[in-house]
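Let me begin by presenting the structure, written as C-alpha cells, before commenting on it.
The values are calculated or read from the model by the stated rules, or taken from the named source; none is laboratory data. Because the structure is a prediction, the values reported are computed rather than measured. When we count neighbours, we look across all protein chains shown, and the Cβ atoms used for this are built from the backbone with ideal geometry, even at glycine. Note: areas computed on protein heavy atoms with side chains; ligands, DNA, RNA excluded. Shrake-Rupley method; radii C 1.70, N 1.55, O 1.52, S 1.80 Å.
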Amino acid sequence: MGVGKAHGKIILMGEHSVVYGYPAIAIPLKTIEVECHIRPADQRITFDFEDTLSTAIYAALKELGKTAATITYDIKSEVPLQRGMGSSAAVSIAAIRAVFDYFEQPLDKETLEILVNQAEIIAHTNPSGLDAKTCLSDQAIKFIRNIGFEQLDLSLNAYLIIADTGVHGNTREAVDKVAAAEEANLPYLAQLGLLADQVEQAIKDKDLLSVGQAMTAAHAMLQKIGVSVEESDHLVQVALEAGALGAKMSGGGLGGCIIALAQNQEQAQIISGKLEEEGASQTWIQKL
Ligand code: PMV
C-alpha cells in the first residue's frame, strides 16, 4: 500500500487580490488532515480529468512513467469540499505523496509543488499557487504570485475561529466574476493589497487590534468585488457582535467559510457558539 498525508489551509488576508499580484497571508491547518491510500488492483487505472484527485494521481503516475499502473485509490478527508479550506490542494498533495510512496520513489519538494499545481489548474483554471504553497507549509506564509513566499512567525497568542456557512463556495466562478469587472474592481483589489501589508506589519508588532480591524475592512472590499454572500455577511456580523476583534469571509467566496479573530480561548468559544446558533454548519478554533 502507498500512503500520503496532507493538511488544509485558510487564507487570513489577500484572497482575490493575490491573483492580481498583491500579497496574501495564509495559515496551514495542521490538525485538519487528508489521507490517501493506493492499493494494487486487477485492472488498469482510468482517469477523470474533471476530478482533481484523479488528475493528481495521473500527474504523479505520469511523472513516474506509470500511467498504465494497476492500482486503485481512496481518500479520507477532514477538509470540507469547496469551503476555501484548501481541499483540492490538500487532496492533490496527499494523492501525489501516496503514489510516490506506493512505488517507493523519493519525492522532492519542488516536484511535489509542480505536480500539485498541475492538478490545481484543473480545479481552479488559473490558480495563484497560494493554496498549494500553504498546504505544503508547516508555518503561516506571506505569498506573492510569481515572486515567492516567506514564512511568517504568527505567534500572536490569539485564536482564529473558522465558521462554515454551509454554502458551497465556487472559487473558479468567483475569480471569473472579479476578472469580468476588472477595471471597476482594481481600486478595491489595491485596497485589499494594502490591508494585507497592514496585517503583515501588525503581526510583526503583535498588534491584535490592527489585525482585526484590517480583517473587517477586507471583508467590506470583498463585498464590493461581489464575492461575498448573505450567509457570510451574516456570520461576519454575528462574530463582531459576539466580541471578535475582526471578521471576514475567507477564500474564493460565493459561500464557504468566514474567519474571526478572538483575543483568548474563552472568547473564541463564545464566538464559535454564537456562530453555530446563527447558522454556521461547523466551526473550528485555531490557535495563532
Ligand atoms: O477558495 P480558495 O481557498 O481555494 O481560495 C482561492 C483564493 C483566490 O485568491 C480567490 C484564488 C487564487 O488562485 O489565489
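Would you check which residues across region 141-159 are of a type in the set (A, V, I, L, M) and over 19 Å from residue 117 (Cα atoms) and list them? Listed by number, the residues that qualify are 152, 154, 156, 158. If we keep just the residues of region 95-139 that are basic (Lys, Arg) and over 13 Å from the mean Cα position of the chain (by Cα), which is most open to solvent (accessible area, probe 1.4 Å)? Ranking the candidates gives 109 first.
Determine whether region 160-174 contains at least one residue that is among the small types (Gly, Ala, Ser), over 28 Å from residue 114 (Cα atoms) and more than 16 Å from the ligand (Cβ to nearest atom). Scanning region 160-174 turns up no residue that is among the small types (Gly, Ala, Ser), over 28 Å from residue 114 (Cα atoms) and more than 16 Å from the ligand (Cβ to nearest atom). Can you find a residue that is over 14 Å from the mean Cα position of the chain (by Cα), away from the ligand (no atom under 16 Å from the Cβ) and surrounded by 24 or more Cβ atoms within 10 Å (Cβ to Cβ) anywhere in region 6-28? The answer is no; no qualifying residue exists. Out of all the residues in region 134-152, which are more than 23 Å from residue 247 (Cβ to Cβ), more than 10 Å from the ligand (Cβ to nearest atom) and among the charged types (D, E, K, R)? Hits for region 134-152 are 138, 150.
Only one entry of 88, 92 meets the criterion of being small (Gly, Ala, Ser), within 14 Å of the ligand (Cβ to nearest atom) and open to solvent by less than 10 Å² (accessible area, probe 1.4 Å), and that entry is 92.
Candidates 111, 134, 67: the one that is touching a helix residue (DSSP H, G or I) at 6+ places or on another chain (Cβ under 9 Å), modelled with pLDDT of 90 or more, of a type in the set (Ser, Thr, Tyr) and under 16 Å from residue 7 (Cα atoms) is 134. Note on region 145-172: among residues that are open to solvent by 10 Å² or more (accessible area, probe 1.4 Å) and of a type in the set (Asp, Glu), the one that is farthest from residue 285 (Cα to Cα) is 150. The single condition among (1) within 13 Å of residue 14 (Cα to Cα); (2) buried (at least 18 other Cβ atoms within 10 Å of the Cβ) that residue 190 does not meet is (2).
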